[in-house]
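Peer 1: There's a structure below that I have some questions on.
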Amino acid sequence: MPRYNSEKPFQIGEFWLSKRPKSEAWYRTWFDNEARQTRRISLGTSDFDEAKQALTDWFVLFHTKTEEAPEESTLAELFARYYEQYGSKLRSHDNVQRYLRYWLDFHKTATVKEACTPARQQAYREYLQNEMKLSKNSIRQILTVGKAALNWAWKRGELASVPYIELVKVPTPPPKGRPLEVEEVADLIDNAEYHLKAFIVMMISGTSRNRAILDLKFEQVDFRNDLIDLNPKGREQTLKFRPQVKIPQTVKPWLLKQKELSQSGHVIEFKGVPVKSIRTAWRTVRKSTKLDAAVQPYGLRHTMARWLRKSSVPAWEVAAQLGHKSPDVSTTEIYAPFDPSYLFKSTAAIDAFLSEVALQLRYTSISDLMLDEIKNIENQGDKWWFGGDLNSRPHDYESCALTS
């Protein structure tokens, strides 16, 4: 049997520091009740202070608390566990870490109960506004992250209860980009490069957000059932819900041709490469058409929302088209998009809008316009844009692909 030092130079909870005989390394040590044995794991250091810190950090991060009262749990320990086990895995982890630091810079070693009294919360909000000079929107985000951490601990059974966190009210921000008139949309399409034309057409067709259209792949397009699933496979739905929408008939012929010519599998591509951003191309066409700075890509979504309501599309169908509320995830609703009446009125209204835009450009449909654009590009010797031999003519492929 190995010999253990009966003295415990440092202990936290059920864990303590120990050394093996004839070894300078410190170990995290505990007694395994099931096996009735003492267990040890090396901390990788022979320095006592480093070992103490390592044991403390490990205990804070991984030793789960059970139904701990708010007056016993410290914000520092709770936030450390929240960030390590959840917040660090979020896309916005940098912001989460910074927001939690705001809390700890002010509350320091306070317990949950001490930090969340009404008077303390008010003092904290005043500190963020007056001393840190933060906007109300930033303050709300900081408070929301702290509140999320407390709720996370409570849902895991670590906190016995969660104090109420009062958030600040912020003014409703103006919409991103103003709605456009038919003539303005036609002017943008008429002066845009081909990939930006395609983006504008798909934004109108899907009434979607910018990112959903730039992410869209042909594997998400079901031509047999005339459906576009704006949420790619494997992506978890968020508050910015991406619905399934119908393919407007006025764009279907062009979309089929675009699939045939696509090199990347993305609906929006430039010289065979998916387009990551349309900021530069949009800024260029907006200036060339002399439209005001309020004309933004997201304004196309507002344009269609307004058009749908003007076309007497029922409010619930407008909401479903825009993804403002997720459908009931029941077995029946999963198959709703395959109902012939699914988004029937909104899709008809979108077709009508696209037809009016096409008439402004002297075409009978948007597909006629876009297919004509493809012919023009091919006639100019740029067939390689759509699947020709990329080595058939010299060009700076990488720099061209990233200009947008």
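Peer 1: Yes or no: the range 145-157 includes at least one residue that is part of a helix (DSSP H, G or I) and more than 30 Å from residue 62 (Cβ to Cβ).
Peer 2: Taking the range 145-157 and keeping what is part of a helix (DSSP H, G or I), we get 145-155.
Applying the additional criterion that residues be more than 30 Å from residue 62 (Cβ to Cβ) yields none.
No, the range 145-157 contains no residue that is part of a helix (DSSP H, G or I) and more than 30 Å from residue 62 (Cβ to Cβ).
Peer 1: Would you mind stating whether residue 147 is surrounded by 15 or more Cβ atoms within 10 Å (Cβ to Cβ), on the phi < 0 side of the Ramachandran plot and basic (Lys, Arg)?
Peer 2: On the way: surrounded by 15 or more Cβ atoms within 10 Å (Cβ to Cβ): yes; on the phi < 0 side of the Ramachandran plot: yes; basic (Lys, Arg): yes.
Criteria met by residue 147.
Peer 1: Residues of the range 122-133 being surrounded by fewer than 17 Cβ atoms within 10 Å (Cβ to Cβ) and either under 14 Å from residue 75 (Cα atoms) or not basic (Lys, Arg) (or both), which ones? It would help to see each step written out before you state the result.
Peer 2: Of the range 122-133, the ones surrounded by fewer than 17 Cβ atoms within 10 Å (Cβ to Cβ) are 122-123, 126-127, 129-133.
Answer for the range 122-133, where residues must be surrounded by fewer than 17 Cβ atoms within 10 Å (Cβ to Cβ) and either under 14 Å from residue 75 (Cα atoms) or not basic (Lys, Arg) (or both): 122, 123, 126, 127, 129, 130, 131, 132.
Peer 1: Tell me the residue from 177, 157 that is in contact (Cβ under 8 Å) with a residue 12 or more places away in the chain and either of a type in the set (Lys, Arg) or surrounded by fewer than 17 Cβ atoms within 10 Å (Cβ to Cβ) (or both), please.
Peer 2: Numbers: 177 fails: either of a type in the set (Lys, Arg) or surrounded by fewer than 17 Cβ atoms within 10 Å (Cβ to Cβ) (or both).
Unique residue meeting the criteria: 157.
Peer 1: Could you tell me whether the range 244-251 includes any residue that is in a loop (DSSP other than H, G, I, E, B), in contact with a Pro (Cβ under 8 Å, 6 or more places away or on another chain) and assigned by TED's automatic domain parsing to the domain that holds residue 366?
Peer 2: Of all residues in the range 244-251, those in a loop (DSSP other than H, G, I, E, B) come to 247-251.
Subset that is in contact with a Pro (Cβ under 8 Å, 6 or more places away or on another chain): none.
So far as the range 244-251 goes, no, none of its residues is in a loop (DSSP other than H, G, I, E, B), in contact with a Pro (Cβ under 8 Å, 6 or more places away or on another chain) and assigned by TED's automatic domain parsing to the domain that holds residue 366.
Peer 1: When you go through 45, 56, 66 one by one, which is the residue that is out of contact with any Leu (no Cβ under 9 Å at 6 or more places or on another chain), touching a residue at least 12 places away in the same chain (Cβ under 8 Å) and not in a loop (DSSP other than H, G, I, E, B)? So that I can check it myself, show each step before the final result.
Peer 2: On the way: 45 fails: not in a loop (DSSP other than H, G, I, E, B); 66 fails: not in a loop (DSSP other than H, G, I, E, B).
Matching residue, one of 45, 56, 66: 56.
Peer 1: Filter the range 180-206 for residues that are crowded, with 23+ Cβ neighbours inside 10 Å and either free of Cβ contacts under 8 Å to residues at least 12 places away in the same chain or among the polar types (S, T, N, Q) (or both) and give the result.
Peer 2: 205
Peer 1: So residue 257 fits all but one of (1) over 20 Å from the mean Cα position of the chain (by Cα); (2) surrounded by fewer than 21 Cβ atoms within 10 Å (Cβ to Cβ); (3) in a loop (DSSP other than H, G, I, E, B); (4) in contact (Cβ under 8 Å) with a residue 12 or more places away in the chain; what number is the exception?
Peer 2: Residue 257 satisfies every listed condition except (3).
Peer 1: I've got another one for you. In the range 275-353, which helices (runs of 4 or more DSSP H) lie fully inside it and hold 2 or more residues that are modelled with pLDDT of 95 or more and closer than 21 Å to residue 221 by Cβ?
Peer 2: Working: elements: 279-288, 299-310, 315-322, 331-334.
So the answer is 299-310.
Peer 1: Restricting the range 22-42 to residues that are assigned to a loop (DSSP other than H, G, I, E, B) and acidic (Asp, Glu), which is farthest from residue 9 (Cα to Cα)?
Peer 2: The selected residue is 34.
Peer 1: Based on what the data block shows, is residue 126 acidic (Asp, Glu) and over 26 Å from residue 369 (Cα atoms)? Give the derivation first.
Peer 2: Values: acidic (Asp, Glu): yes; over 26 Å from residue 369 (Cα atoms): yes.
In short, yes.
Peer 1: Let me ask something additional. Of (1) more than 18 Å from residue 195 (Cβ to Cβ); (2) loosely packed, with under 14 Cβ neighbours inside 10 Å; (3) of a type outside the set (D, E, K, R), residue 288 satisfies all except one. Which?
Peer 2: Failing condition for residue 288: (1).
Peer 1: Could you count how many residues in the range 89-138 are among the β-branched types (Val, Ile, Thr) and in a helix (DSSP H, G or I)?
Peer 2: In the first step, residues of the range 89-138 are kept if they are among the β-branched types (Val, Ile, Thr); the result is 96, 109, 111-112, 117.
When the remaining residues are screened for being in a helix (DSSP H, G or I), the result is 96, 112.
The qualifying residues number 2.
Peer 1: Can you name the condition, by its number, that residue 20 falls short on among (1) more than 20 Å from residue 84 (Cα to Cα); (2) surrounded by 13 or more Cβ atoms within 10 Å (Cβ to Cβ); (3) under 44 Å from the mean Cα position of the chain (by Cα)?
Peer 2: The failed condition is (3).
Peer 1: So which residues in the range 160-174 are of a type outside the set (A, V, I, L, M) and either surrounded by 15 or more Cβ atoms within 10 Å (Cβ to Cβ) or within 28 Å of the chain's Cα centre (by Cα) (or both)? Can you show your working first?
Peer 2: Start the filter on the range 160-174 by keeping residues that are of a type outside the set (A, V, I, L, M), which leaves 161, 163-164, 166, 169, 171-174.
If the condition is that a residue be of a type outside the set (A, V, I, L, M) and either surrounded by 15 or more Cβ atoms within 10 Å (Cβ to Cβ) or within 28 Å of the chain's Cα centre (by Cα) (or both), then 163, 164, 166, 169, 171, 172, 173, 174 are the ones that fit.
Peer 1: Same structure again: Within the bounds of the range 227-236, is there any residue that is of a type outside the set (Val, Ile, Thr) and within 20 Å of residue 371 (Cβ to Cβ)? Give the steps one after another, and end with the answer.
Peer 2: The initial filter retains those residues of the range 227-236 that are of a type outside the set (Val, Ile, Thr), namely 227, 229-236.
Pick out the ones that are also within 20 Å of residue 371 (Cβ to Cβ) and you get none.
No; the residues of the range 227-236 include none that is of a type outside the set (Val, Ile, Thr) and within 20 Å of residue 371 (Cβ to Cβ).
Peer 1: May I ask you to list the residues in the range 179-230 that are basic (Lys, Arg) and either within 21 Å of the chain's Cα centre (by Cα) or not assigned by TED's automatic domain parsing to the domain that holds residue 289 (or both)?
Peer 2: Keep residues of the range 179-230 that are basic (Lys, Arg), which gives 197, 209, 211, 217, 224.
Once the filter is applied, which keeps residues that are basic (Lys, Arg) and either within 21 Å of the chain's Cα centre (by Cα) or not assigned by TED's automatic domain parsing to the domain that holds residue 289 (or both), the range 179-230 yields 209, 211, 217.
Peer 1: Which number in (1) modelled with pLDDT of 90 or more; (2) under 30 Å from the mean Cα position of the chain (by Cα); (3) in a loop (DSSP other than H, G, I, E, B) marks the one condition that residue 364 misses?
Peer 2: (2)
The values are calculated or read from the model by the stated rules, or taken from the named source; none is laboratory data. What you see is a predicted model; the values in this text were computed from it and never measured. In this analysis, Cβ positions are derived from the backbone assuming ideal geometry, glycine residues included, and neighbour counts consider all displayed protein chains.
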